[in-house]
Each structure stands twice: as C-alpha cells, then as structure tokens.
1. Filter segment 158-173 down to the residues that are in a loop (DSSP other than H, G, I, E, B) and either surrounded by 16 or more Cβ atoms within 10 Å (Cβ to Cβ) or among the hydroxyl-bearing types (Ser, Thr, Tyr) (or both) and list them by number.
2. Tell me which residues, restricted to segment 11-47, are open to solvent by 30 Å² or more (accessible area, probe 1.4 Å), at pLDDT below 75 and over 19 Å from SER120 (Cα atoms).
3. Could you look through segment 61-90, keep only residues that are more than 15 Å from the chain's Cα centre (by Cα) and modelled with pLDDT under 80, and pick out the one that is surrounded by the fewest Cβ atoms within 10 Å (Cβ to Cβ)?
4. Condition first: of a type in the set (Ser, Thr, Tyr) and surrounded by 15 or more Cβ atoms within 10 Å (Cβ to Cβ). Now tell me which residues in segment 294-337 satisfy that.
5. Residues being within 28 Å of the chain's Cα centre (by Cα) and at pLDDT 85 or above: count how many of those fall in segment 48-60.
6. Give segment 209-221 a look and list any residue that's in contact with an Asp or Glu (Cβ under 9 Å, 6 or more places away or on another chain) and open to solvent by less than 10 Å² (accessible area, probe 1.4 Å), or say none.
7. Collect the residues in segment 109-149 that are buried (at least 18 other Cβ atoms within 10 Å of the Cβ) and at positive phi, keeping them in residue-number order.
8. Of all the residues that make up segment 222-264, how many are touching a residue at least 60 places away in the same chain (Cβ under 8 Å), part of a helix (DSSP H, G or I) and open to solvent by 10 Å² or more (accessible area, probe 1.4 Å)?
Amino acid sequence: MLRLVIDFTSVRSAQLFPSMIPVLRMSNLVHFEIKAKELFNIPASILNLASLTRLRSVTLPRYSITRTVIAALSNLPALESINSNDTGPNLGAPLAGPLPRVFNIFRRNAFPRLKAMTVSGSPDVVLSILGQPNFPSKLDSIHLEIIDDPNETEISNSWSILGRTCPALRHFSFRDMRRVRNLHEFELESLLSSHLTTLKLTFDTSIYLDNFQIAQFAHDIPSIEYLWINHFPTKVEDAQLPSPEILCIFATKCPKLKHLGVLFDPSTAGVVGRYDITPFAVLEELDVGKSTLRWEDVEELVVLFSRILPRNARLICPESGPWNSVQSTLRILNRVLSMMP
C-alpha cells in the first residue's frame, strides 16, 4: 500500500509544481498528502490525478480544498476521503478573483466510494457546493472550513441542506474563521440528529455559551460519542465562558460520550461541586483546551473531577503549574480510591 507525503512547510509553495510530475507516474499510489505553510488555493492543474485510479485518500492543507480542487478530484473512482491537515495558514483568505455562483462540480455518479469530504470556501461558495445536483449523498463524514468574506451569506442556511442531502451523516466538523459571538447564531438544530456520533466546532475566538443553550444543544445529540466545542480557539477573549456546570449537563444528557473537548471557567467549581452530580458513564478523555486555571481553584476542581470523571479517564490540559497539580492530585486520589474496599 503506497503512501506519499510531500512536506513543504519549510519552503515556498511555488516549489510544489515540479514535485508533482513524478507523483502522476505512481500508478500504485493509495494515500497522498501535501503539507505546506503558505499554500492556500491549490490550482487544479497540479491535481490532475486521473491516472491514479487506485488513490483512496487525498489530504491537503487547510482552506485549500476549494470547489476547483474538488472538481479535479471527482474523476478518481476509488477515492474514499478528501481531508485537510493542520498545515497551511492560520486564517483563510478570500479566493483570488471572483468565481461564478453556479459551477457544477459533480458529474453524475461522481465519487462513488467517497465517505469523507472537506469543503473550503466563503459561506456563499460552501452553500452552492452543498446544494448542487449529484452532491455525494452517502457521505459518512464532512468537514467545512469557512473563510471570511465581506459579502457573506449566513452559513446556518446550509445545515438544512446538508441534513437533507446526507441523512446518514455521522461525523461533522466545522472551522469558522469569522468573528462569532454566540453558538445560538448557528441554528444547528436542523443538522443535529440521533445519527451524529462525532461533532467538532472550532471558531476564531471564544464564544458565549449559557447553560440553557448547552442543555438544549446536548439534548439534540443523544448518541454523540466525540464532541469538541471550541475548546481551542485561536484567541480567548472576554466572552463569558461557561462554568464547570457544562460538564454536569453533558454527563447527564450524553451518556455515550467518550471524548469531550470544551473551554470553560473553572473558578466556580466549588459551587457546582455542591450539586447532586451524575458522573460520566463511559468518558475516556476530557480536553479542557485553553481553559485558564488559578491556583486558588485547584482544590475545588479536583473534588469536582473526582466526582464526575470515571476513574480511568484521561485529562488533557495546558502544561501549566495549576493544571499539572490537578493531574497529579487526581492520579493520587484515584489510586487511593482503587485500594479502598
């Protein structure tokens, strides 16, 4: 099984073009990936991979999987996934030059085996792609990368389209580099369903979340197993972060949750710890992302974690003094508890 990764993270993207020539001769290539720091919009000419009939996966830098690239890949009969990696610019930039709104990139029976797709572009472009005839309806996973555009369309308009087009969608992730203040703006209700097992939402800045929103949100995804809600935004601003009560809500309403990533304010852990708490049933990892912890809140947070996290759950947290103290104290506490009859 031939796998090729071309890494351009330390050189200029212009050098990519000559490097693609030998790739087109690799008839047995199955997995192909490009890593690049500057590369944004990959020209379709370098993705003329029609001769690579065994190619099953293509992975490109974030924000580069535009409709032009998707159209160029649509001739690959064995392709199963089109994904983005974490290389590329931190923020998307507008596409160079205007493109017509109507640009049919899906011929009939295109992508017969495709299960996972990434789409990059402005809200207007993403909407036009999702609503096109012959859009692959058997997708199991889709990732959207939204690029800022002064003439933006509400991206929430795409949820109902996606819900109708891909009724069996199980994995959905979304990266939006526009300035968003509130999860409620996205009106995700039409997309959320009992089928969804993986959901990852990433925004440029921290967003406001209140307990009512979180409770309604959690209620709509009862089968969720892997969930990240903006746990690692590019910038953490003065938005009111949720309290640790957010953990209690997800523990109660999402009993199948195995991995949770969330940004919250630990300073009220002592208050939340006085409630009746239902622990997570099967949680394996809690990722607190960029959550900031003060030394004076360590003890109360340890108590809360000891009550709500399964004993073997892994805590993923910043490498700072207070968080290191929480990790080490939890390990000792769990070890002592395991020795008790």
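1. Hits for segment 158-173 are CYS166, LEU169, ARG170.
2. Scanning segment 11-47 gives VAL11, ARG12, ALA14, GLN15, PHE17, PRO18, SER19, ILE21, LEU24.
3. Here the residue is PRO89.
4. Passing the criteria: SER306, SER325, THR329.
5. 7
6. ILE214
7. Answer for segment 109-149, where residues must be buried (at least 18 other Cβ atoms within 10 Å of the Cβ) and at positive phi: PHE111, GLY121.
8. So the answer is 1.
The values are calculated or read from the model by the stated rules, or taken from the named source; none is laboratory data. Just so it is clear, the structure is predicted and the values come from calculations on it, not from any experiment. A quick note on method: Cβ atoms are made from the backbone with ideal geometry, for glycine too, and the neighbour counts reach across all protein chains shown. Quick note on the areas: whole protein, heavy atoms, side chains included, nothing else; ligands and nucleic acids left out. Shrake-Rupley method; radii C 1.70, N 1.55, O 1.52, S 1.80 Å.
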